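To keep things clear, I will list the structure first and then write my remarks on it.
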Amino acid sequence: MIELENVAYSYGGAELFSGVDLTLAPGSFHFLTGPSGAGKTTLLKLCYGELTATSGTVRLFGADMRGIGRDDLALARRRIGVVHQNCEFLDHLPVAENIALPLAVAGRAGEGEQDLSDLIAWVGLGEQAGQLPPELSGGERQRAALARAVILSPEVILADEPTGNIDWEMSQRLLRLLLELNRMGKAVLIATHDLGLIRAAKAEVQARVLRIAGRQLQVAGADL
Amino acid sequence: MSRVLTWLAGDPQADRAVPPTGFTARLTVFTAAAMAFLAVFALALSLATGRLADRWASELAQTSTLRISAPPEQLAGQTQAALEVLSTTPGVASATPLSAEEQRALLAPWFGPDLPVEELPIPQLIEIVETPEGYDATGLRARLQAEAPGAVLDDHTRWREPLVEAATRLRSMGLLSLVLIAAATAAMITLAAQAALAANAQVIRVLRLVGAQDAYIARAFVRRFTLRALGGAAVGAAVGLVAVALLPRADVAGGFLTGLGFQGAGWLWPVVIPPLAALVAFVATRAAAFRSLGEER
């Protein structure tokens, strides 16, 4: 579904990483680790087309990113759920409308209102559904971002430090959701420093742990 | 038509995705209103000068003046001779010598109402009205030269042409003003739209990340600016129409400027201005939105 082939990315003349090969196949589960600044977020952005690789090939659902138009990229993004590290929202819209935003842009506004309510309740934001995003705590924003990422039932889920601002219990609930989605055949890639999350996931699923180090993407050691 | 109505009804979700921005909203409404107000006057000027050019062209082309300057004892004889020549000239519908009262009225603006025209060596004027086919001015001059040597034929060509030319140019300038007003409106709305797009960069980024296509993002901006321009232009055109309607009537003062306005079905022309303003806003905002959206992924 998402393929990176010999991908390199440079920023400001400095090479962040090179020679990256990665395939997110249906049902796969990947963790991406590495020190801060190693390029985890950049690699995720390459996976959903927010950034363009300096060299190499990135394919989203078979389409080469070098030749893809903006509208086709938008359609591809509807098949990818992304939980961003900084959880950007439309601050003038209530949480519920933000979560339903992917439905609206896909022309499916109003569809599955019960599912939307269930999803909001599942991420524990039932009481905050009518609030504006700036009124939410960091953890609540993270949960709202997760709900928004999965509402279109995407084929791939990319999450950038999804447990960075939430407590252990919520991180376990989040992991259970991601595992459940993975069992449904969705590919999951999580960039994280949270070793506890990785270990908890590995106890339940065949997860592959990757690490960016020395400007290369490597398979992490067995200790993870 | 149904597509237009659907578009006008709008997509509440898309509309809500972009927060209203007070500055650009006020700028667009004000610009549209001011430009529509000016457009009403440019339109009125253009239509009035058009009427004026047509009237001058037709009225002056249908009339001419014969001036007979002769010693007092010959004046009546030459006038009679000239009238006889005119009565037998093909293309002359009527020839009427101006009475002393009419000549006095003509001179009154310069010399006052009590001018003793009978005692002054004033030429006798004969007003000639032509048939639609007109007469042969060269032939008539030749005949008059023989029968009434003191007669000078003025067929108004000398000053008719510059007048009609001036009125025609005024009409062209009125139309050019309308084009410039439309262009200035487009420029102002483009700037306002670009400001709105820049102010909503984060909104656009979020919409992009959740899979919004350019058309979805642009629609919210385009519809909003189009409706603002329509509303502003409707108010501006209405105020302009009232202002034109309140101008003094042409038949009261009779001058050119008081003839500025609309007549008959001409009053319907300003109704076209708000939809045109909306169309200009639609095209300008759409172009600005797609250009801006095309600059980034």
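Just to verify a result, which residue in the range B:151-164, among those that are of a type outside the set (V, I, T) and buried (at least 18 other Cβ atoms within 10 Å of the Cβ), is nearest to B:A39 (Cα to Cα)?
So in the range B:151-164, the residues of a type outside the set (V, I, T) come out as B:151, B:153-156, B:158-163.
Next, from what is left, pick out any that are buried (at least 18 other Cβ atoms within 10 Å of the Cβ): B:151, B:153, B:155.
Details: B:A151: 49, B:L153: 43, B:D155: 38 Å.
Only one residue tops the list, namely B:D155.
Are any residues in the range B:281-297 part of a helix (DSSP H, G or I) and either buried (at least 22 other Cβ atoms within 10 Å of the Cβ) or within 14 Å of chain A (Cβ to nearest Cβ) (or both), and if so, which ones? Spell out the reasoning first.
Restricting attention to the range B:281-297, the residues satisfying the condition of being part of a helix (DSSP H, G or I) are B:281-294.
Correct list: B:A281, B:A284, B:T285, B:A288, B:A289, B:F290, B:R291, B:S292, B:L293, B:G294.
Return the pair list, or none, for Cβ contacts closer than 9 Å from residues in the range A:155-183 that are among the aromatic types (F, W, Y) to residues that are part of a helix (DSSP H, G or I), at least 6 apart or on different chains.
Short answer, once both residue conditions are applied: A:W168/A:G196.
Out of the residues in the range A:49-60 that are touching a residue at least 40 places away in the same chain (Cβ under 8 Å) and within 13 Å of another protein chain (Cβ to nearest Cβ), state the one that is nearest to A:I2 (Cα to Cα).
Going residue by residue through the range A:49-60, those that are touching a residue at least 40 places away in the same chain (Cβ under 8 Å) are A:51, A:53-60.
Filter once more, keeping what is within 13 Å of another protein chain (Cβ to nearest Cβ): A:51, A:53, A:58, A:60.
Details: A:L51: 14, A:A53: 14, A:V58: 7, A:L60: 5 Å.
Going through the qualifying residues, I end up with A:L60.
Looking only at residues that are outside any helix (DSSP H, G or I) and surrounded by fewer than 19 Cβ atoms within 10 Å (Cβ to Cβ) in the range B:18-50, which one is farthest from the other protein chains (Cβ to nearest Cβ)?
Initial filter on the range B:18-50 (outside any helix (DSSP H, G or I)): B:18-21.
Checking the rest, the ones that are also surrounded by fewer than 19 Cβ atoms within 10 Å (Cβ to Cβ) come to B:19-21.
On the way: B:P19: 4, B:P20: 9, B:T21: 11 Å.
The residue in question is B:T21.
Take the residues in the range A:62-76 that are at the interface with chain B (Cβ under 10 Å from one of its Cβ atoms) and over 19 Å from the mean Cα position of the chain (by Cα), then tell me which one is surrounded by the most Cβ atoms within 10 Å (Cβ to Cβ).
A:I68
Among what's in the range B:254-280 and is buried (at least 18 other Cβ atoms within 10 Å of the Cβ) and within 14 Å of the chain's Cα centre (by Cα), pick the residue that is modelled with the highest pLDDT. Break it down into steps so the answer makes sense when it comes.
Going through the range B:254-280, the residues buried (at least 18 other Cβ atoms within 10 Å of the Cβ) turn out to be B:259-262, B:270, B:273-274, B:276-278, B:280.
Okay, now just the ones that are also within 14 Å of the chain's Cα centre (by Cα), so B:259-262, B:270.
Details: B:G259: 68, B:L260: 74, B:G261: 79, B:F262: 84, B:P270: 92.
Among them, the one singled out is B:P270.
Among the helices (runs of 4 or more DSSP H) confined wholly to the range B:156-248, which include 1 or more residues that are at pLDDT below 90 and more than 14 Å from every other protein chain (Cβ to nearest Cβ)?
On the way: elements: B:157-199, B:201-209, B:214-245.
Here the list reads B:157-199, B:214-245.
Would you mind stating whether A:R141 is within 14 Å of chain B (Cβ to nearest Cβ), assigned to a helix (DSSP H, G or I) and within 26 Å of A:T41 (Cβ to Cβ)? Steps first, answer last, please.
Values: within 14 Å of chain B (Cβ to nearest Cβ): yes; assigned to a helix (DSSP H, G or I): yes; within 26 Å of A:T41 (Cβ to Cβ): yes.
Yes, satisfied.
Let me confirm something: among A:K202, A:K186, which residue is under 25 Å from B:G211 (Cα atoms) and surrounded by 14 or more Cβ atoms within 10 Å (Cβ to Cβ)? Can you show your working first?
Values: A:K202 fails: under 25 Å from B:G211 (Cα atoms).
Of the residues listed, the single one that is under 25 Å from B:G211 (Cα atoms) and surrounded by 14 or more Cβ atoms within 10 Å (Cβ to Cβ) is A:K186.
Quick check: anything in the range B:38-48 touching a strand residue (DSSP E or B) at 6+ places or on another chain (Cβ under 7 Å) and over 17 Å from B:G150 (Cα atoms)? Please lay out each step first, then the result.
Looking only at the range B:38-48, we keep the residues that are touching a strand residue (DSSP E or B) at 6+ places or on another chain (Cβ under 7 Å), and these are none.
The answer is no, given that none of the residues of the range B:38-48 is touching a strand residue (DSSP E or B) at 6+ places or on another chain (Cβ under 7 Å) and over 17 Å from B:G150 (Cα atoms).
Looking at the range B:57-91, which of its residues are free of Cβ contacts under 8 Å to residues at least 60 places away in the same chain and closer than 28 Å to B:T168 by Cα?
B:S58, B:E59, B:G91
Identify the single condition in (1) closer than 18 Å to A:I120 by Cα; (2) modelled with pLDDT under 90; (3) under 15 Å from the mean Cα position of the chain (by Cα) that A:E169 does not satisfy, given that it satisfies every other one.
(3)
When you go through A:L93, A:L32, A:L4 one by one, which is the residue that is under 30 Å from B:A199 (Cα atoms) and touching a residue at least 24 places away in the same chain (Cβ under 8 Å)? Outline the logic, then answer.
Values: A:L32 fails: under 30 Å from B:A199 (Cα atoms); A:L4 fails: under 30 Å from B:A199 (Cα atoms).
Being under 30 Å from B:A199 (Cα atoms) and touching a residue at least 24 places away in the same chain (Cβ under 8 Å) holds for just one of A:L93, A:L32, A:L4, which is A:L93.
Among the residues of the range A:77-88, write down those that are free of Cβ contacts under 8 Å to residues at least 60 places away in the same chain and at the interface with chain B (Cβ under 8 Å from one of its Cβ atoms).
A:R77, A:E88
Condition check: farther than 19 Å from B:L144 by Cβ and either exposed (fewer than 15 other Cβ atoms within 10 Å of the Cβ) or among the acidic types (D, E) (or both). Does B:S94 satisfy that?
Details: farther than 19 Å from B:L144 by Cβ: no; either exposed (fewer than 15 other Cβ atoms within 10 Å of the Cβ) or among the acidic types (D, E) (or both): yes.
For B:S94, the condition - farther than 19 Å from B:L144 by Cβ and either exposed (fewer than 15 other Cβ atoms within 10 Å of the Cβ) or among the acidic types (D, E) (or both) - is not met.
May I ask you to list the residues in the range A:89-115 that are of a type outside the set (A, V, I, L, M) and either within 17 Å of A:A74 (Cα to Cα) or more than 9 Å from every other protein chain (Cβ to nearest Cβ) (or both)?
We begin by selecting, within the range A:89-115, every residue of a type outside the set (A, V, I, L, M); these are A:89, A:91-92, A:94, A:97-98, A:102, A:107-108, A:110-115.
The answer is A:P94, A:P102, A:G107, A:R108, A:E111, A:G112, A:E113, A:Q114, A:D115.
Go through (1) surrounded by fewer than 17 Cβ atoms within 10 Å (Cβ to Cβ); (2) modelled with pLDDT of 90 or more; (3) not β-branched (V, I, T) one by one and return the number of the condition A:R79 breaks.
(1)
Among the numbered criteria (1) assigned to a helix (DSSP H, G or I); (2) under 30 Å from the mean Cα position of the chain (by Cα), which single criterion is violated by B:E133?
Unmet condition: (1).
Checking B:D15 against (1) surrounded by 13 or more Cβ atoms within 10 Å (Cβ to Cβ); (2) within 31 Å of the chain's Cα centre (by Cα); (3) modelled with pLDDT under 80; (4) not small (G, A, S): exactly one of these is not met. Which one?
Going through (1) surrounded by 13 or more Cβ atoms within 10 Å (Cβ to Cβ); (2) within 31 Å of the chain's Cα centre (by Cα); (3) modelled with pLDDT under 80; (4) not small (G, A, S) one by one, B:D15 breaks only (2).
With the structure loaded, tell me whether B:A167 is surrounded by 15 or more Cβ atoms within 10 Å (Cβ to Cβ) and out of contact with any strand residue (DSSP E or B) (no Cβ under 7 Å at 6 or more places or on another chain) or whether it fails that test.
Details: surrounded by 15 or more Cβ atoms within 10 Å (Cβ to Cβ): yes; out of contact with any strand residue (DSSP E or B) (no Cβ under 7 Å at 6 or more places or on another chain): yes.
Yes.
Would you confirm whether or not the range B:139-146 contains a residue that is outside any helix (DSSP H, G or I), more than 14 Å from chain A (Cβ to nearest Cβ) and in contact with a helix residue (DSSP H, G or I) (Cβ under 7 Å, 6 or more places away or on another chain)? Before you say what the answer is, go through the steps one by one.
Kept after step one, since they are outside any helix (DSSP H, G or I), are these residues of the range B:139-146: none.
Among the residues of the range B:139-146, not one is outside any helix (DSSP H, G or I), more than 14 Å from chain A (Cβ to nearest Cβ) and in contact with a helix residue (DSSP H, G or I) (Cβ under 7 Å, 6 or more places away or on another chain), which makes the answer no.
The values are calculated or read from the model by the stated rules, or taken from the named source; none is laboratory data. Given the structure is predicted, the values throughout are model-derived calculations rather than measurements. For neighbour counting, all protein chains shown are included, and Cβ atoms are generated from backbone atoms with ideal geometry for every residue, glycine included.
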